[in-house]
Amino acid sequence: MDLARGIIEIEGERFYPGYTFDDFKKSAFYRHQTDVSIFALNEAQNPIVLDNHNFVITVLFRDSKLQLLSLYCIDKDISYEQEELRNTLHKKVLKEQGLSNTNIFLWGIVKLAYDPKISRYSIDVVYNL
């Protein structure tokens with residue numbers, strides 16, 4: 001995982017700035033999803049391991065281009081009431097990458113994110129379109 005360059009390799013598939021839905025359709029993750037909705041690459045019971053951390057990863061395409069990879073660290077079993085602890089895990093992951101809570105690059109942004117609708121923290125990799 002090279003968050004500073006926006007490159008994340010997941011089980012042999014390389015996601016990067018400029019990655020398209022056509023690229024995705026050639027990957028092992030493609031299961032007839034459409035490029036008009038957000039979807040998970042995996043489920044919590046089958047975590048994706050990146051740099052010794054376990055994640056559930058959500059993907060969003062817009063105009064057939066990768067717009068978002070949302071990384072949800074599941075290293076520890078954290079209850080809904082303790083979700084703030086997950087944010088601590090995410091900060092640790094960013095620190096290991098040499099990054100802060102919000103990082104702006106020419107290709108996009110890597111940031112800690114919070115979705116109040118579902119009370120969930122994540123690391124969001126947002127690509128410029």
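The values are calculated or read from the model by the stated rules, or taken from the named source; none is laboratory data. Remember, it's a predicted structure, so these values are computed and weren't measured experimentally. All Cβ positions, glycine included, derive from the backbone under ideal geometry; neighbour counts span all protein chains shown.
Data for the structure
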| read-out | value |
| --- | --- |
| Enumeration of residues in the range 45-59 that are at pLDDT 90 or above and β-branched (Val, Ile, Thr) | 49, 56, 57, 58, 59 |
| Looking only at the range 107-126, and only at residues there that are farther than 18 Å from residue 15 by Cα and touching a Leu at 6+ places or on another chain (Cβ under 9 Å), the one that is modelled with the lowest pLDDT | 121 |
| Tally, over the range 92-116, of residues that are in a strand (DSSP E or B), touching an Asp or Glu at 6+ places or on another chain (Cβ under 7 Å) and charged (D, E, K, R) | 1 |
| Residue within the range 64-74 that is of a type in the set (Ser, Thr, Tyr), free of Cβ contacts under 8 Å to residues at least 40 places away in the same chain and in a loop (DSSP other than H, G, I, E, B) present | no |
| Extreme residue, surrounded by the most Cβ atoms within 10 Å (Cβ to Cβ), among residues of the range 1-54 that are in a loop (DSSP other than H, G, I, E, B) and among the basic types (Lys, Arg) | 26 |
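Matching residues to (1) at pLDDT 85 or above; (2) over 14 Å from the mean Cα position of the chain (by Cα); (3) over 16 Å from residue 114 (Cβ atoms):
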site: 13; (1), (2), (3): yes, no, yes
site: 17; (1), (2), (3): yes, no, yes
site: 23; (1), (2), (3): yes, yes, yes
site: 35; (1), (2), (3): no, yes, yes
site: 39; (1), (2), (3): yes, no, yes
site: 73; (1), (2), (3): yes, no, no
site: 76; (1), (2), (3): no, yes, yes
site: 84; (1), (2), (3): no, yes, no
site: 93; (1), (2), (3): yes, no, no
